[in-house]
1. Please go through the range 38-62 and give me each residue that is part of a strand (DSSP E or B), in contact (Cβ under 8 Å) with a residue 24 or more places away in the chain and surrounded by fewer than 14 Cβ atoms within 10 Å (Cβ to Cβ), ordered by number.
2. If you check A104 against the conditions, is it surrounded by 15 or more Cβ atoms within 10 Å (Cβ to Cβ) and either more than 21 Å from A116 (Cβ to Cβ) or modelled with pLDDT under 95 (or both)?
3. Considering the range 63-87 alone, what residues qualify as being of a type outside the set (S, T, N, Q) and without any contact (Cβ under 8 Å) to a residue 40 or more places away in the chain?
4. Can you pull out the residues in the range 82-101 that are hydroxyl-bearing (S, T, Y) and crowded, with 17+ Cβ neighbours inside 10 Å?
5. If T30 passes every condition in (1) of a type in the set (S, T, Y); (2) at pLDDT below 95; (3) surrounded by 17 or more Cβ atoms within 10 Å (Cβ to Cβ) but one, which one does it miss?
6. Can you tell me which residues in the range 63-81 are in a loop (DSSP other than H, G, I, E, B) and surrounded by 15 or more Cβ atoms within 10 Å (Cβ to Cβ)?
7. Before we move on, is E110 surrounded by fewer than 12 Cβ atoms within 10 Å (Cβ to Cβ), closer than 19 Å to T30 by Cβ and in contact with a Lys or Arg (Cβ under 9 Å, 6 or more places away or on another chain)?
Amino acid sequence: MPVLCLKPLTLLTVEGQTGRRTTLIYHIGTFKLADKARASEAADLLLKLKDIVPGTADYKVGINFTDKPTAATVCIIGAFETKEDFEAYMAHPVHTAEVAPKIAELCNHEYIERMASCDFEA
């Protein structure tokens, strides 16, 4: 089974109404496509999720530029203001009914071998 290694992230903070730093919820998803040539197609699909819910503080999609055999092809990093915003993102129909099935198809429906995610608060 492939091992997922991530470089340290520079964490975002948002200024609350009182001027204090607020913790964000981060969602990282990696996808190893069956055909690397379709990376732009996958990235375009994932970008549809960028602003589907209010409370999205930041959202990035990247295409891997290395040839490492264990590397994912495409990655998303989303930051959400609250756990409720993150849960709304995960349950949104554009995510569940439109984007997720197409990404799964691009990964040959091999969820364990080709997809990984990590969700954390920082």
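1. The one that is part of a strand (DSSP E or B), in contact (Cβ under 8 Å) with a residue 24 or more places away in the chain and surrounded by fewer than 14 Cβ atoms within 10 Å (Cβ to Cβ): D58.
2. In short, yes.
3. Matches in the range 63-87: I63, F65, D67, K68, P69, A71, E84, E87.
4. Answer for the range 82-101, where residues must be hydroxyl-bearing (S, T, Y) and crowded, with 17+ Cβ neighbours inside 10 Å: just Y89.
5. Result: T30 fails condition (2) only.
6. Result: N64, A71, A72, T73, E81.
7. yes
The values are calculated or read from the model by the stated rules, or taken from the named source; none is laboratory data. Just so it is clear, the model here is predicted, and its values are computed rather than measured. Here Cβ is always computed from backbone atoms with ideal geometry, including for glycine, and neighbour counts include all displayed protein chains.
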